[in-house]
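Please read the structure below before turning to the comments.
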Amino acid sequence: MRFRQLLRALRGGGRARVAVAGRRGLLSAPGSAASWSKVVSEAEKLVGYPTSFLSLRCLLSDELSNVALQVRKLVGTKHPLLSTAREFVYDNQNNLQMRGLVVLLISKAAGPSSKVELSSQPDMVSGIYSSQRSLAEITELIHTAFLVHRGIVNIGELKSCDGPMKDMQFGNKMAVLSGDFLLANACTSLAQLQNTKHRLFQDEIEANNLVVELISSAIGDLVQGIYYENSTLEETRLTDDIGISTWTEQIFLSHSALLAKSCKAAMELAKHDAEIQKMAFHYGKHMSMSHKIHLDLQPFIKGNSTDSVTFSLNSAPAVLHQEFLGREAWIKQIREAQGAGSILDYTKLQEAIKAGKGVTSAIDLCRYHGNRALEALECFPPSEARSALENIVYAVTRFS
């Protein structure tokens, strides 16, 4: 209901002021909120080790070591798999592997269930079950697999400057095979959650089955979300009438479902009740939505730069700008920004979007989701882990 109220407020031209009852809202959050990298670094200390090592065992396997050697053949081309590999190794912004960190933090924040006796928790280390750590690793492997699969290029749209055709085709094969390998390892680990060294009681087996169902459905959501992203040609997408409600549904599938369902699954593994599971799901959903909008906003709020800028016409600011402006006016702006050969002048289009209401509305939408994430955390007892989860929200809703 509040989401619809926010959309009505945005469409009405006013800047929405959404606050969470009973606590300080994000719109009044302190300006001294720590940077994203600092927040992630401090949170990693709470869970015991850097989450960048979560999928290291798989990434250092003989199979992927061979893949890494083959990827070197793409040096000098513009194949996306090369940039994906580079970003994964040199992830200075700590954006690629934050999902496992959130799963570990929310597991630690919730702690053991009151239904479980302390004597039956031999595998809990630093307040986190070993099964929850395995789940965090599975989540990262799934995300990385789909990240690699996104690096498949449309051969028919390549230009001569992108690189030799045979190298680009080879890159596509590597993206498919390495992504499938990561996904297969994730599925194997997911199945092994039921094959622990300890004898499982019936309720534990049922809990693990529910976790398998949750993560399996998240994989299905990812596939569906990526299908939506690639179901139209770029030429059609330039003039497609995409509303913010449809955008939100698609972004949930492609960017939020995995984390939301992983957070819920972590609570299921600890045998927490349905209400705690629901709040963990909502935190994962709204935090990841806020994080996605924050990333979408970066080309529009960064300081002046002489470098050329590109951004997705399906990003939150662009979609909201289109919704305010109307379809015909949006098409006109796109055509005015197209030069010779229908090449889009992103700088010109960026200025048009910044002059409208799309950027400020996207900031409000980002903070709305941030407030909903904070609200979900209220059912967890105060702790360092809960504070770390709150700081993550503050970091992705800070625009200064």
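So which of Lys173/Lys292; Lys45/Lys108; Lys332/Lys354; Lys108/Lys264 end up more than 18 Å apart by C-alpha? Each step should come with its number before you reach the end.
Details: Lys173/Lys292 28 Å; Lys45/Lys108 12 Å; Lys332/Lys354 16 Å; Lys108/Lys264 13 Å.
Over 18 Å Cα-Cα: Lys173/Lys292.
Ignoring ligands, DNA and RNA, how do Leu374, Leu325, Leu269 rank by accessible area with a 1.4 Å probe, largest first?
The most accessible residue leads, giving Leu325, Leu269, Leu374.
Neighbours of Asn391 by Cβ distance under 11 Å: Lys/Arg scored +1, Asp/Glu scored -1, total 0. Taking amide hydrogens as placed 1.01 Å from N in the peptide plane, the amide H of Gln338 sits under 5 Å from those of Asp345, each at least 5 positions away in sequence or on another chain.
The values are calculated or read from the model by the stated rules, or taken from the named source; none is laboratory data. Keep in mind it's a predicted model, so treat the numbers as computed, not measured. Positions of Cβ are backbone-derived with ideal geometry, glycine not excepted, and every protein chain shown enters the neighbour counts. Surface accessibility is based on the protein's heavy atoms, side chains included, excluding ligands, DNA and RNA. Shrake-Rupley method; radii C 1.70, N 1.55, O 1.52, S 1.80 Å.
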